[in-house]
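Worksheet: one structure, shown below.
The values are calculated or read from the model by the stated rules, or taken from the named source; none is laboratory data. All values derive from a computational prediction rather than experimental measurement. Don't worry about glycine lacking a Cβ; one is built from the backbone with ideal geometry, like all the others, and counts go over all protein chains shown. Note: areas computed on protein heavy atoms with side chains; ligands, DNA, RNA excluded. Shrake-Rupley method; radii C 1.70, N 1.55, O 1.52, S 1.80 Å.
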Amino acid sequence: MTQPRNGDGLAGQSLDEGGARTARWAFIRTESGSATVLLVATLAALAWANIGADSYESLWHTHLSIRLGDSGVALDLREWVNSGLMTLFFFVVGLEARREFDLGELRERRRLTLPLLAGLSGMAVPVLIYLAINAGDSSAHGWGAAMSTDTAFALGMLALLGSRFPRRLHTFILTVAVVDDFVALVVIAVAYSDHIDVTPLLIALALLGVVLLVRGARIRRGAPYGVLGVITWVAVLKSGVDPVVVGLVFGLLTIAHPASRAELERATGLFRSFREQPTPELERTARRGMAAALSPNERLQRMYHPWTSYVIVPLFALANAGITLNGGLLSRAFTSPITLGILFAYVLGKPIGIIGASALTTRLSGGRLRPPVGWGAVVGGGAIAGVGFTVSLLIATLAFEGEQLDEAKVGVLSAVVCSFVVTWLVSVVISALPRPARSRALLGTGQSLVDLAVPVDPDRDHIRGPIDAPVTLVEYGDFECPFCGRAEPVVRELLADFGDVRYVWRHLPLPDVHPRARLAAIAAEAAADQGAFWEMMDHLLEHQDALKPSDLIEHARTLGLDVDEFRLALRTRQGADRVAEDEESADLSGVTGTPTFFVNGRRHHGPYDIAGLTAAVHAAKERALMDR
């Protein structure tokens with residue numbers, strides 16, 4: 001089902017592609033964009049705390065109570081932010097982890113091993129460094145503040161470095177950060193929750209069982225889950241465990257799946273009914289039908305992720321990053337084992353842990369498990385992972401108070417600056433390498449995850465360009481789809497610029513929105529029987545408003561084909577089986593909209609303009625040449 005071009009330059013995406021195809025990059029773009037807001041909030045907190053320290057602390061210590069009869073919850077504003085609003089932040093983290101596990105890189109389970117080990121090692125080594133520096137001191141209790149990467153800051157800083165690192169590094173760091181956040185919440189629940197009351201905790205576990213029953217009953221409305229989530233949050237809070245863990249658990253329970261062709265066609269039918277008879281009842285039915293085509297995971301991410309990234313996390317920074325800076329604090333902090341422990345744990349421990357675990361896993365697996373990027377990019381990723389902020393500050397507020405908390409905050413903020421500087425220096429060194437070495441350092445030789453379920457077969461597929469080209473561009477298209485028509489000159493320009501790219505067209509007619517598309521595909525196959533597939537394809541895309549049977553016959557006549565043979569092929573639908581094979585291969589690859597491109601078997605993310613496709617082909621070509 002095609003859609004018009006949207007505001008960020010993506011076009012021609014189906015409901016499925018809006019989730020399975022671009023959800024990961026939408027998540028990364030939002031996280032990267034929010035880093036600026038987070039930075040502004042951090043600077044505002046520092047300015048406020050130094051201009052009006054009394055008003056800063058007074059506001060965040062204001063108590064707010066919510067009561068129902070004799071029962072209720074009473075927390076100060078900082079606690080409402082840290083334990084209340086941050087629950088939504090971890091809910092979104094859980095959603096992304098589940099989406100990655102169901103649809104992303106981790107759907108191939110063996111790929112979970114390396115980021116899992118890198119994430120665990122990237123937490124264990126910093127903790128050991130912190131404990132070594134704080135050995136014998138009471139401050140050793142704050143080891144949890146020295147282990148967790150801030151996803152928003154890390155991805156935002158990678159975005160600032162632009163093309164210095166490959167885009168796949170963002171995905172690798174995101175996966176490591178998800179492991180990071182999950183373990184951090186376990187640490188919060190186990191190590192930083194005092195006086196645990198078993199009864200409320202058992203009630204919370206029972207409520208999670210109810211959630212599973214509700215999900216098993218295929219109830220999709222959000223209200224029941226919202227009510228159960230709030231009650232579970234209160235129960236966990238009363239138990240003495242930090243309730244932010246509830247958000248992560250609920251996120252992990254929210255499944256992600258691509259929209260099926262049947263769901264999309266049903267949504268199309270409902271919209272047509274509304275178009276013919278625009279009544280409030282049909283409007284509600286159409287809206288619900290389109291929403292039902294999306295997985296709950298994607299709908300909830302789109303609903304909450306902007307709020308958590310642009311409002312909740314910056315508000316958390318505003319509530320927690322404020323410290324009164326003066327010469328006494330700074331001189332004390334940089335001789336304090338707390339500050340130095342956190343600083344060295346992040347700036348040294350994170351890179352050592354991530355790089356070391358990645359190298360050891362690659363070696364012990366005989367190269368079967370290796371990072372999705374080159375080792376230079378892994379070093380840069382390890383350095384940027386040393387940006388700890390949100391969870392680090394959250395644990396610091398649980399572990400410390402008074403002067404020790406201020407020293408911990410100085411360590412966290414210093415680690416942010418130092419980690420960015422180290423990452424920038426790594427990028428400068430890599431940029432100075434000769435081109436072949438630079439490509440290998442950034443891209444590596446790891447095997448890419450293949451999204452194209454049915455490989456290209458030169459004996460069957462329609463191929464334009466050299467048969468043995470290092471890069472193969474596959475397009476699933478529909479001759480009546482206007483976006484396929486717009487993509488066609490882009491593909492022509494790409495093939496003209498690259499002499500070593502082979503282009504494959506596969507049919508994916510969408511009869512629910514393009515009623516003449518299937519017959520046009522059969523017409524192209526009829527032309528193929530006469531050795532004129534590409535001539536007919538080009539002609540059909542140039543005349544998308546002329547696809548009636550009489551128009552198709554006229555096109556055959558214009559191209560100089562045997563019209564009688566062509567007319568017979570149309571009447572008997574000789575190419576229908578060939579078109580159906582392409583449709584089946586599209587279903588196996590999770591394609592439901594047009595145009596959809598694959599570059600060397602990998603689904604193309606982002607716009608299909610000449611810049612986007614050229615960048616994808618360049619990257620695929622460099623990797624293919626390294627593999628030879």
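General remarks:
- Whichever residue in region 62-76 is in contact with a helix residue (DSSP H, G or I) (Cβ under 7 Å, 6 or more places away or on another chain) and not aliphatic (A, V, I, L, M) and, among such residues, is modelled with the highest pLDDT: Thr62
- Test result for Thr472, outside any helix (DSSP H, G or I) and either within 30 Å of the chain's Cα centre (by Cα) or at positive phi (or both): yes
- Among (1) surrounded by 19 or more Cβ atoms within 10 Å (Cβ to Cβ); (2) modelled with pLDDT of 85 or more - the single one Asp137 does not satisfy: (1)
- Filter result for Leu300 (assigned to a helix (DSSP H, G or I), open to solvent by 30 Å² or more (accessible area, probe 1.4 Å), out of contact with any Lys or Arg (no Cβ under 9 Å at 6 or more places or on another chain) and closer than 30 Å to Gly269 by Cα): yes
- Residue check, Val417 part of a helix (DSSP H, G or I), over 20 Å from Ala45 (Cβ atoms) and either in contact (Cβ under 8 Å) with a residue 24 or more places away in the chain or of a type in the set (A, V, I, L, M, F, W, C) (or both): no
- Residue among Asp500, Asp538, Asp529 that alone is over 26 Å from Val471 (Cβ atoms) and either surrounded by fewer than 17 Cβ atoms within 10 Å (Cβ to Cβ) or at pLDDT 95 or above (or both): Asp529
- Residue match in region 323-332 (condition: part of a helix (DSSP H, G or I), closer than 29 Å to Val37 by Cβ, of a type in the set (A, V, I, L, M, F, W, C) and over 31 Å from the mean Cα position of the chain (by Cα)): yes
- Odd one out for Thr423 among (1) under 15 Å from Thr42 (Cβ atoms); (2) open to solvent by less than 40 Å² (accessible area, probe 1.4 Å): (1)
- Selection status of Gly247, in contact with a Gly (Cβ under 7 Å, 6 or more places away or on another chain) and closer than 20 Å to Asn82 by Cβ: yes
- Residues in region 184-199 that are surrounded by fewer than 17 Cβ atoms within 10 Å (Cβ to Cβ) and closer than 29 Å to Leu393 by Cβ: 7 in all.
- Matching residues in region 90-103 - criterion: being closer than 21 Å to Ile395 by Cα and open to solvent by 20 Å² or more (accessible area, probe 1.4 Å): Phe91
Conditions (1) of a type in the set (A, V, I, L, M, F, W, C); (2) outside any helix (DSSP H, G or I); (3) in contact with a Gly (Cβ under 7 Å, 6 or more places away or on another chain), marked per residue:
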site: Ala35; (1), (2), (3): yes, no, yes
site: Leu39; (1), (2), (3): yes, no, no
site: Leu43; (1), (2), (3): yes, no, no
site: Ala47; (1), (2), (3): yes, no, no
site: Asp54; (1), (2), (3): no, no, no
site: Arg67; (1), (2), (3): no, yes, no
site: Val73; (1), (2), (3): yes, yes, no
site: Arg78; (1), (2), (3): no, no, no
site: Asn82; (1), (2), (3): no, no, no
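- Region 558-591, residues that are farther than 16 Å from Met536 by Cβ, among the aliphatic types (A, V, I, L, M) and in contact with a strand residue (DSSP E or B) (Cβ under 7 Å, 6 or more places away or on another chain): Ala586, Val591
- Those residues of region 376-401 which are outside any loop (DSSP other than H, G, I, E, B), more than 21 Å from Ser121 (Cβ to Cβ) and of a type outside the set (Val, Ile, Thr), in sequence order: Leu393, Leu394, Ala396, Leu398, Ala399
- Residue in region 224-245 that is open to solvent by less than 30 Å² (accessible area, probe 1.4 Å) and farther than 27 Å from Leu75 by Cβ present: no
- Residue within region 341-359 that is surrounded by fewer than 23 Cβ atoms within 10 Å (Cβ to Cβ), out of contact with any helix residue (DSSP H, G or I) (no Cβ under 7 Å at 6 or more places or on another chain) and in a helix (DSSP H, G or I) present: yes
- Residue that is surrounded by the fewest Cβ atoms within 10 Å (Cβ to Cβ), among those in region 597-628 that are modelled with pLDDT of 70 or more and among the small types (Gly, Ala, Ser): Ala611
- Tally of residues being touching an Asp or Glu at 6+ places or on another chain (Cβ under 7 Å) and buried (at least 20 other Cβ atoms within 10 Å of the Cβ) across region 273-297: 1
- Wholly within region 510-623, helices (runs of 4 or more DSSP H) carrying at least 2 residues that are touching a Pro at 6+ places or on another chain (Cβ under 7 Å) and within 22 Å of Ile463 (Cα to Cα): 517-528
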